[in-house]
1. Counting Lys and Arg as +1 and Asp and Glu as -1, each charge on the Cβ, what is the dipole of the range 4-99 about the Cα centre in debye, to the nearest 20?
2. Please list, ordered by chain and number, the residues whose modelled amide H lies under 5 Å from the amide H of Met33; skip anything fewer than 5 residues away on the same chain.
3. At what distance in nm do the modelled label points of Leu83 and Glu4 sit from each other, each positioned 7 Å from its Cα along Cα→Cβ?
4. Taking the chain as the reference, fit the longest principal axis to its C-alpha atoms, fit the long axis of helix 88-98 to the helix C-alpha atoms, and give the angle between the two in degrees, 0 to 90, nearest 10.
5. Tell me what the chain gives for mean residue ellipticity at 222 nm when only DSSP H runs of n ≥ 4 count, each as -39,500 (n - 2.57), the sum divided by the residue total, rounded to 500 deg cm²/dmol.
6. How charged is the neighbourhood of Leu52? Take every other residue with its Cβ under 14 Å from the Cβ of Leu52, and add Lys/Arg as +1 and Asp/Glu as -1.
7. Between the DSSP loop rule and a limit of at most 15 other Cβ atoms within 10 Å, which trypsin sites (Lys or Arg not before Pro) in the range 1-89 are left?
8. Report the net charge of residues surrounding Pro3, where surrounding means a beta-carbon distance below 14 angstrom and charges are Lys +1, Arg +1, Asp -1, Glu -1.
Amino acid sequence: NVPEDQADKLLLASWGLPKAVLEKYHSLGVVQMFEWQAECLMLGQVLEGKNLVYSAPTSAGKTLVAELLILKRVLETRKKALLILPFVSVAKEKKRYLQ
């Protein structure tokens, strides 16, 4: 669980994302994360590029964790990222979404 003193970590705005990115998420109704998502981002050195393996049911929000990790790393390191998706339809959707 996210400690009470870090409850603000549930809000997307507390992760240092650019305003345009936050506005896009907000337009899609995503303003905050579930506790388990914030816990994933706060684990060890995952924000510094260390590996993270997590599992959750379909439609639980796994993609949001991956997107936030990718966005933070790309913006902070100015390097490219590779996002591998299982289906062409999902890849096309994410392409439109991330543009």
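1. On the way: 14 positive and 10 negative charges, 152 e Å.
Using Cβ point charges on Lys, Arg, Asp and Glu, the range 4-99 gives about 740 debye.
2. Amide H to amide H, under 5 Å and 5 or more residues apart or across chains, Met33 pairs with Leu11, Leu12.
3. 3.7
4. 60
5. On the way: 4 runs with 44 residues, N = 99.
Helices in the chain give a 222 nm mean residue ellipticity of -13500 deg cm²/dmol.
6. +1
7. Lys50, Arg78, Lys79, Lys80
8. -4
Laboratory data are not the source of any read-out in this text; all were calculated from the coordinates shown. All figures in this text were calculated on a predicted structure; none of them were measured in a lab. Counting neighbours? That spans all protein chains shown, and the Cβs are built from the backbone with ideal geometry, glycine included.
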